[in-house]
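K.L.:
There's a structure below that I have some questions on.
The values are calculated or read from the model by the stated rules, or taken from the named source; none is laboratory data. Note that this is a predicted model, so its numbers are computed, not measured. Methodologically, a virtual Cβ is constructed for each residue, glycine included, from the backbone with ideal geometry; neighbour enumeration extends over all protein chains shown. The protein model used for the area step is the full one, side chains on, heavy atoms only, and it has no ligands, DNA or RNA in it. Shrake-Rupley method; radii C 1.70, N 1.55, O 1.52, S 1.80 Å.
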Amino acid sequence: MERATTAIQHKQKSLVRDGGPLEVRPEIKDDPRWELVQRIIAGPHFARSPLLSRFLLFVVAETLEGRGDEIGEHQIGVQVFDRPSDYRTLEDNIVRNYARQLRKRLAEYFANEGSAEEWRLDVPVGGYVPVFARAADASSPSPADHLPITVKIRTQSNVSPESAAQETARPGWRRRLLAGAAVASYTAVMVALTLIVAAHIGARQAASEPAHILWTTLFDGPSTSYIVPSDAGFNLLEDLSHHPMPLTEYMQGNYRQEPLMGVDSHSAEDLRSQRLTPFVDFQIVAALARLPEANPERVFIRFPRDLRLDDLKNSNAVILGSVSSNPWAAIAESSANFRIVDSPGMQGAEILNLKPLSGESPSYASHWDEPAHETFALIVLLPNLSGTGHLLLLQGLDVAGTQAAAEMLLHPSAITPILKRATRPDGTLRNFEVLLRSTSIESSATGTQVIASRIY
């Protein structure tokens, strides 16, 4: 205990605000939430990172002292990371990078030495204001949630688990296919398994308004709902051929005849026939299935190659990925203000803003070939093709962009004002578009922000 106390005192002395040591009111020091933070920064997950400790202490102190609404990226950069007062957050993403590490280490703390803590602490994606909840009220799954559960698999895919396993066991293309398989190693059938299992173990606590209205609209009505992950194999075919393929050709299966220079026939056939989806999509599907509104009797996984126009006329759907990895996203092009378009030769993509408002750019591009770069994403809600249901599109300029869109909806603190504006007095939703900016670090999104929106 003496060693822990010494570590806490040392870290508090290193934290400054307005040029001096951090000082909090006496009643804050006795607050059990402040005491929790002291134990966290004295633990092994923060012991070697004084900057993370400064970050956490600062945002918690501001929140407990009633200044949570003043916490912002620029303020943290100046007060915690000693940036000059005129520094630009667009050019310096240190706060976003450290926020990602902070969330990860908080999760590790409560999964290990902090598992018996009375309070839980999180910094939700989309902001920097810490949120406290008593452990008894937290929605974290208990160890029992990880026990195997026997379920009846309900899938509408044309691929059986056995044939999918055989496909993945066959020797594939030795270069790009192996690289693609690193991020697309799970078949649509495996995703379907996760959907059904997660739906049984995760739905224990109702989502809060107004996100609850969105998920109820998509998943809890009488209609069938589909979750459509992206087609990573098709995206690789486009990249290799340097030729984007529109939805009409995709529906006709023209990718099966796409010439692939320098690829042997056996490997090319593997690439054309296997159903691959990115691991990020796998995670998104599992998270959607954990929503309490997701009814496992009416929610199905459907791989893009198996989807039909009638499915989007008579059902609801969540479509993951942009047109280059999920051509069904093109159904939004006729009515959307924000559109993702591929660059010539499939060398990147950009988002076009057809009718820019004041302060908006006419286009948003990503430097996709850099390890850490700014990326953009879209969240779009529109009617299905018959107007009897809804389609939700989560699409990014890259994998990190799609991840950012999903996280923004699954942790909706930053998007809540838009969802409130989109909700009619009778509880139904207007159609909307949301443009997001995020930072991609090794294909993982962090520091996501809403930068534009449209509500119809």
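K.L.:
Once both labels are modelled 7 Å past Cα along the beta-carbon direction, what's the residue 372-residue 388 spacing in nm?
P.N.:
5.1
K.L.:
With θ set to phi - 60° and the Karplus curve 6.51 cos²θ - 1.76 cosθ + 1.60, what are the ³J(HN,Hα) couplings of the range 314-321 in order, to the nearest whole Hz, using x for Gly and Pro?
P.N.:
10, 9, 8, 7, 10, 10, 9, x
K.L.:
Using label points projected 7 Å from each Cα along Cα→Cβ, tell me how many nm separate residue 249 and residue 74, to one decimal.
P.N.:
4.7
K.L.:
Arrange the peptides 378-386, 350-358, 317-325 so that the one whose residues have, on average, the most other Cβ atoms within 10 Å appears first.
P.N.:
317-325, 378-386, 350-358
K.L.:
So which aspartates and glutamates can residue 104 reach, going by Cα to Cα under 13 Å and dropping same-chain residues fewer than 8 places off?
P.N.:
Residue 104 reaches 122.
K.L.:
Here's another thing I want to ask about it. Run through all the Cα pairs of the range 34-113 and give the fraction in each 10 Å bin from 0, expressed as whole percent.
P.N.:
Reading the bins upward from 0: 17, 49, 29, 4.
K.L.:
Using the per-residue mean of other Cβ atoms lying within 10 Å as a proxy for protection, in what order, highest first, do the peptides 308-314, 100-106, 31-37 fall?
P.N.:
100-106, 31-37, 308-314
K.L.:
Given R₀ = 30 Å, what would the calculated FRET efficiency be for residue 118 paired with residue 48, taking r from the Cβ atoms and rounding to 0.05?
P.N.:
Efficiency, from the Cβ-Cβ distance: 0.70.
K.L.:
Return the aspartates and glutamates within reach of residue 420: Cα separation strictly under 13 angstrom, same-chain partners fewer than 8 residues apart disregarded; answer none if there are no such residues.
P.N.:
Partners found: 209.
K.L.:
I'd like the Kirkwood hydrodynamic radius of the range 342-427, using the inverse of the mean 1/r over distinct C-alpha pairs, in Å.
P.N.:
15.0
K.L.:
Let me ask something additional. When N counts the residues of the range 369-411, how does its alpha-carbon radius of gyration compare numerically with 2.2 N^0.38 Å, as a ratio?
P.N.:
1.41
K.L.:
Per residue, how large is the accessible surface of the range 222-299? Use a 1.4 angstrom probe and give square angstrom.
P.N.:
Roughly 40 Å² per residue, with all protein chains present.
K.L.:
Amide H neighbours of residue 375 under 5 Å, at least 5 residues apart or on other chains, H built in the peptide plane: list them.
P.N.:
438, 439, 440
K.L.:
Can you give me the distance in nm between label points at residue 357 and residue 428, each placed 7 Å from the Cα along the Cα-to-Cβ direction?
P.N.:
Output for this residue pair reads 2.4 nm.
K.L.:
Sequence-distant or interchain residues sharing an amide H contact under 5 Å with residue 227, placed H: which?
P.N.:
300, 301, 302, 318
K.L.:
Taking 0.36 nm per residue of sequence separation and subtracting the Cα-Cα distance, how much length would be gained by fully extending the chain between residue 27 and residue 91, in nm to one decimal?
P.N.:
Roughly 19.2 nm would be gained on extension.
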